[in-house]
1. Given the condition touching a strand residue (DSSP E or B) at 6+ places or on another chain (Cβ under 7 Å), of a type in the set (S, T, N, Q) and surrounded by 15 or more Cβ atoms within 10 Å (Cβ to Cβ), answer yes or no: does some residue in the range 78-87 qualify?
2. Give the residues of the range 40-71 that are over 24 Å from LEU87 (Cα atoms), among the charged types (D, E, K, R) and in contact with a strand residue (DSSP E or B) (Cβ under 8 Å, 6 or more places away or on another chain), sorted by residue number.
3. What are the residues in the range 1-39 that are of a type in the set (Asp, Glu), out of contact with any strand residue (DSSP E or B) (no Cβ under 8 Å at 6 or more places or on another chain) and under 20 Å from LEU87 (Cα atoms), if any?
4. Any idea which of VAL7, VAL40 is modelled with pLDDT of 95 or more, over 11 Å from the mean Cα position of the chain (by Cα) and among the β-branched types (Val, Ile, Thr)?
5. Those residues that are in a strand (DSSP E or B), hydrophobic (A, V, I, L, M, F, W, C) and free of Cβ contacts under 8 Å to residues at least 60 places away in the same chain, I need them from the range 7-55; list them, please.
6. Among the numbered conditions (1) modelled with pLDDT of 90 or more; (2) out of contact with any Ser or Thr (no Cβ under 9 Å at 6 or more places or on another chain), tell me where VAL56 comes up short.
Amino acid sequence: MKAYRIVWEDEANAREVEIMAHYTLEAGLVQVEDVRPTKVTLYSSETKLPVRSITVHTAAGRRLLRKAWFATRDEGLSIADEIQAQLDVRDDLVAATV
């Protein structure tokens, strides 16, 4: 299983959420197995600097953050499509250097 790191900048709540999407790649197709928020960084609304980071330990916290993140995503692009696009860019860069 592979992991894809996503950083969601939730400006409305002055926070940044780190999310790990675990996926498999078989025959060139991405299958997302799990989406897990792992860390929240809180920012000061006045200085815009990080104030504190919190690791997400509980299943309820992960569900809450995952639901909030999915609510902000564009419905036209799935996580699997996003990961596939990044893999394609990486492959094109590798092919260009050969």
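1. So far as the range 78-87 goes, yes, one or more of its residues are touching a strand residue (DSSP E or B) at 6+ places or on another chain (Cβ under 7 Å), of a type in the set (S, T, N, Q) and surrounded by 15 or more Cβ atoms within 10 Å (Cβ to Cβ).
2. We begin by selecting, within the range 40-71, every residue over 24 Å from LEU87 (Cα atoms); these are 40-65, 67-68, 71.
Applying the additional criterion that residues be among the charged types (D, E, K, R) yields 46, 48, 52, 62-63, 67.
Correct list: ARG52, ARG62.
3. Of everything in the range 1-39, just one residue is of a type in the set (Asp, Glu), out of contact with any strand residue (DSSP E or B) (no Cβ under 8 Å at 6 or more places or on another chain) and under 20 Å from LEU87 (Cα atoms), namely GLU26.
4. Result of the check over VAL7, VAL40: VAL40.
5. Once the filter is applied, which keeps residues that are in a strand (DSSP E or B), hydrophobic (A, V, I, L, M, F, W, C) and free of Cβ contacts under 8 Å to residues at least 60 places away in the same chain, the range 7-55 yields VAL7, VAL17, ILE19, MET20, LEU29, VAL30, VAL32, VAL35, VAL40, LEU42, VAL51, ILE54.
6. All conditions are met except number (2).
Let's see how each residue does on (1) modelled with pLDDT of 95 or more; (2) under 13 Å from the mean Cα position of the chain (by Cα); (3) closer than 20 Å to TYR4 by Cα; (4) among the polar types (S, T, N, Q):
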{"position": "SER45", "(1), (2), (3), (4)": "no, no, no, yes"}
{"position": "ARG62", "(1), (2), (3), (4)": "yes, yes, yes, no"}
{"position": "ALA80", "(1), (2), (3), (4)": "no, yes, yes, no"}
{"position": "ALA95", "(1), (2), (3), (4)": "no, no, no, no"}
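The values are calculated or read from the model by the stated rules, or taken from the named source; none is laboratory data. Being a predicted model, the structure only gives us computed values, none of them experimental. Cβ sites come from the backbone with ideal geometry, for glycine too, and all protein chains shown count toward neighbours.
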